[in-house]
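Engineer: Okay, here's the structure, questions in a sec.
The values are calculated or read from the model by the stated rules, or taken from the named source; none is laboratory data. Owing to the predicted nature of the structure, the values given are computational and were not obtained by experimental measurement. We place every Cβ from the backbone using ideal geometry, glycine too, and count neighbours over all the protein chains shown.
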Amino acid sequence: MELLLDWSKYNILGVARNRCSFKSSFMQRIQVIDSHTGGEPTRIIIDGGPDLGDRPFTERVKIFRENFDEIRSAVVNEPRGSDVLIGGLLCQPTDPSCSAGIIFFNTAAYLGMCGHGTMGLMVTLKHLGRIENGEHKIETPVGIVTTHLNNASVSVKNVASYRYKKDVRVDVPDYGTVVGDIAWGGNWFFCINESPEERLMVDNVNHLTNVALKIRDAMEAQNITGPQGEYLDHIELYAPPTDSKNHSRNFVLCPGGSYDRSPCGTGTSAKMSCMAADGKLAPGEIWRQESIVNSVFECSYELADDSTDDCVKIIPTLRGTAHVSGEATLILDPADPFCMGIRS
Ligand code: PYC
């Protein structure tokens, strides 16, 4: 059963109190709930965030970026946050069938979608008593996703995902040539085919991060982008799983420079779209993706209605577990020189 949020009951935007007042000389308070999904943290703003109005979500992201970007920075950058943190601003959806809307962001950018973050959002809403277990649609800047919540276990039926380019060669200075696919899973990814020379273990993350950063820099320098010139800000490395119950292990570099502790919902969607296009994963077949810290998403896909032989499009479903880990009031004190976060 789908349960809608009663938006009049929950003043989740803190509209009246905070409109246009972030640059004021008064202390501001922002209420957040922290959660983690397979070790990857999410911080949802539930009150005191900026009012972005009721326009389509793509326009709201623009308003957020142009007028309230310092709030993004204050919430996720140090000293309150760090590169690993994904933030989310809870918004009123435009589509009445949705329980909520969300705009995800991190220390570097605004995200289209976030798989682990959506799982975190669902347990957050349940923790607040705003939803019950069951099916809930969530509106994001790149489309509506359908979630199913069963206490800590959350599945997310993601937006349509597809491969844009196969076997792209990148010459990486001081490293060598890597070959991978460019794919969309709600964000843009460069999915590198298995790299046996790299050890995907958590005690090797500094090295893996350096490698992935070099690859990302090389792609930028060589103008390797998405179809509309999009910066390929997520880089994925793959290896065989350490647990034989799983199918694959990954390391995912996120936009800032941190790595995803979860198997990355949008990244696994992108990866599955490549496997679907190569005929390596059939619709409905289970794919268990293991992360660098051994957390797992259990995934499968169905073909999208507009999928063709030339462009295979899939609708991925990802299931993981998320837990609420904190409730906090962030204090934005104009007397604090780092009030709005340390921007790099
Ligand atoms: O789970 O989609 C995801 C994600 C994106 C960035 C970090 N996690």
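Engineer: I'm checking my understanding of the structure. Among residues of the stretch 92-110 that are part of a strand (DSSP E or B) and of a type outside the set (A, V, I, L, M), which one is surrounded by the fewest Cβ atoms within 10 Å (Cβ to Cβ)? Give the steps one after another, and end with the answer.
Structural biologist: First, the residues of the stretch 92-110 that are part of a strand (DSSP E or B): 98-105, 110.
Next, only the ones that are of a type outside the set (A, V, I, L, M) stay: 98-99, 101, 104-105, 110.
Details: Cys98: 21, Ser99: 22, Gly101: 22, Phe104: 28, Phe105: 27, Tyr110: 19.
So, considering only residues that are part of a strand (DSSP E or B) and of a type outside the set (A, V, I, L, M), the one surrounded by the fewest Cβ atoms within 10 Å (Cβ to Cβ) is Tyr110.
Engineer: Within the stretch 204-224, can one find any residue that is modelled with pLDDT of 95 or more, under 18 Å from Ile182 (Cβ atoms), within 13 Å of the ligand (Cβ to nearest atom) and in a loop (DSSP other than H, G, I, E, B)?
Structural biologist: No, the stretch 204-224 contains no residue that is modelled with pLDDT of 95 or more, under 18 Å from Ile182 (Cβ atoms), within 13 Å of the ligand (Cβ to nearest atom) and in a loop (DSSP other than H, G, I, E, B).
Engineer: Looking at the stretch 150-169, can you tell me whether even one residue there is outside any helix (DSSP H, G or I), among the aliphatic types (A, V, I, L, M), closer than 22 Å to Ala239 by Cβ and modelled with pLDDT of 95 or more? First the steps, then the outcome.
Structural biologist: Kept after step one, since they are outside any helix (DSSP H, G or I), are these residues of the stretch 150-169: 150-169.
Keeping just the survivors that are among the aliphatic types (A, V, I, L, M) gives 152, 154, 156, 159-160, 168.
From what is left, the residues that are closer than 22 Å to Ala239 by Cβ are 168.
Then drop every residue that is not modelled with pLDDT of 95 or more, which leaves 168.
Within the stretch 150-169, one or more residues are outside any helix (DSSP H, G or I), among the aliphatic types (A, V, I, L, M), closer than 22 Å to Ala239 by Cβ and modelled with pLDDT of 95 or more.
Engineer: Considering the stretch 260-276 alone, what residues qualify as being within 9 Å of the ligand (Cβ to nearest atom) and among the hydroxyl-bearing types (Ser, Thr, Tyr)?
Structural biologist: Selection gives Ser262, Thr266, Thr268, Ser269.
Engineer: I'm told Pro227 meets every condition in (1) away from the ligand (no atom under 16 Å from the Cβ); (2) touching an Asp or Glu at 6+ places or on another chain (Cβ under 9 Å) except one. Can you identify the failing condition by its number?
Structural biologist: Unmet condition: (2).
Engineer: Is one or more of the residues making up the stretch 79-91 of a type in the set (D, E, K, R), within 13 Å of the ligand (Cβ to nearest atom) and either surrounded by fewer than 24 Cβ atoms within 10 Å (Cβ to Cβ) or farther than 25 Å from Thr321 by Cβ (or both)? Quick ask: steps written out before the conclusion?
Structural biologist: Kept after step one, since they are of a type in the set (D, E, K, R), are these residues of the stretch 79-91: 80, 83.
Applying the additional criterion that residues be within 13 Å of the ligand (Cβ to nearest atom) yields 83.
Narrowing the set further to residues that are either surrounded by fewer than 24 Cβ atoms within 10 Å (Cβ to Cβ) or farther than 25 Å from Thr321 by Cβ (or both) leaves 83.
Within the stretch 79-91 (the criterion being of a type in the set (D, E, K, R), within 13 Å of the ligand (Cβ to nearest atom) and either surrounded by fewer than 24 Cβ atoms within 10 Å (Cβ to Cβ) or farther than 25 Å from Thr321 by Cβ (or both)), the answer is yes, since at least one residue qualifies.
Engineer: Contact list please: Cβ distance under 7 Å, first residue in the stretch 221-237 and under 26 Å from Ser248 (Cα atoms), second residue assigned to a loop (DSSP other than H, G, I, E, B) and small (Gly, Ala, Ser), pairs at least six apart or on different chains.
Structural biologist: Leu232/Gly226; Asp233/Ala109; Leu237/Ser195
Engineer: Which one is nearest to the ligand (Cβ to nearest atom), of the residues in the stretch 122-146 that are free of Cβ contacts under 8 Å to residues at least 40 places away in the same chain and more than 22 Å from Pro316 (Cα to Cα)?
Structural biologist: Once the filter is applied, the top-ranked residue is Lys126.
Engineer: Next up: If we scan the stretch 248-256, do we find a residue that is more than 13 Å from the ligand (Cβ to nearest atom) and under 23 Å from the mean Cα position of the chain (by Cα)? Walk me through it before giving the result.
Structural biologist: Start the filter on the stretch 248-256 by keeping residues that are more than 13 Å from the ligand (Cβ to nearest atom), which leaves 248-249.
If we keep only those that are under 23 Å from the mean Cα position of the chain (by Cα) too, we end up with 248-249.
Yes; the residues of the stretch 248-256 include at least one that is more than 13 Å from the ligand (Cβ to nearest atom) and under 23 Å from the mean Cα position of the chain (by Cα).
Engineer: Ok, one more. Gly257: at pLDDT 95 or above, part of a loop (DSSP other than H, G, I, E, B) and on the phi > 0 side of the Ramachandran plot, yes or no? Before the answer, list the steps.
Structural biologist: Values: at pLDDT 95 or above: no; part of a loop (DSSP other than H, G, I, E, B): yes; on the phi > 0 side of the Ramachandran plot: yes.
Spelling it out, it is not the case that Gly257 is at pLDDT 95 or above, part of a loop (DSSP other than H, G, I, E, B) and on the phi > 0 side of the Ramachandran plot.
Engineer: Okay, moving on. Suppose we keep only residues that are closer than 17 Å to Thr37 by Cβ and either at pLDDT below 95 or more than 9 Å from the chain's Cα centre (by Cα) (or both) within the stretch 92-105. Which one would you say is farthest from the ligand (Cβ to nearest atom)? I'd like the intermediate steps shown before the answer.
Structural biologist: Pass one, the stretch 92-105, residues closer than 17 Å to Thr37 by Cβ: 100, 102, 104-105.
Filter again for either at pLDDT below 95 or more than 9 Å from the chain's Cα centre (by Cα) (or both), leaving 100, 102.
Numbers: Ala100: 17, Ile102: 12 Å.
Here the residue is Ala100.
Engineer: Could you tell me which of the residues Met113, Met119 is in contact with a Ser or Thr (Cβ under 7 Å, 6 or more places away or on another chain), within 16 Å of the ligand (Cβ to nearest atom) and part of a loop (DSSP other than H, G, I, E, B)? Can you show your working first?
Structural biologist: On the way: Met119 fails: part of a loop (DSSP other than H, G, I, E, B).
Matching residue, one of Met113, Met119: Met113.
Engineer: Being of a type in the set (Asp, Glu) and farther than 12 Å from Ser248 by Cβ is the filter; apply it to the stretch 271-297 and report the residue that is farthest from the chain's Cα centre (by Cα).
Structural biologist: Our first condition is that a residue be of a type in the set (Asp, Glu); within the stretch 271-297, this holds for 278, 285, 290.
In the following step, the residues that additionally are farther than 12 Å from Ser248 by Cβ were identified as 278, 285.
Details: Asp278: 25, Glu285: 24 Å.
Ranking the candidates gives Asp278 first.
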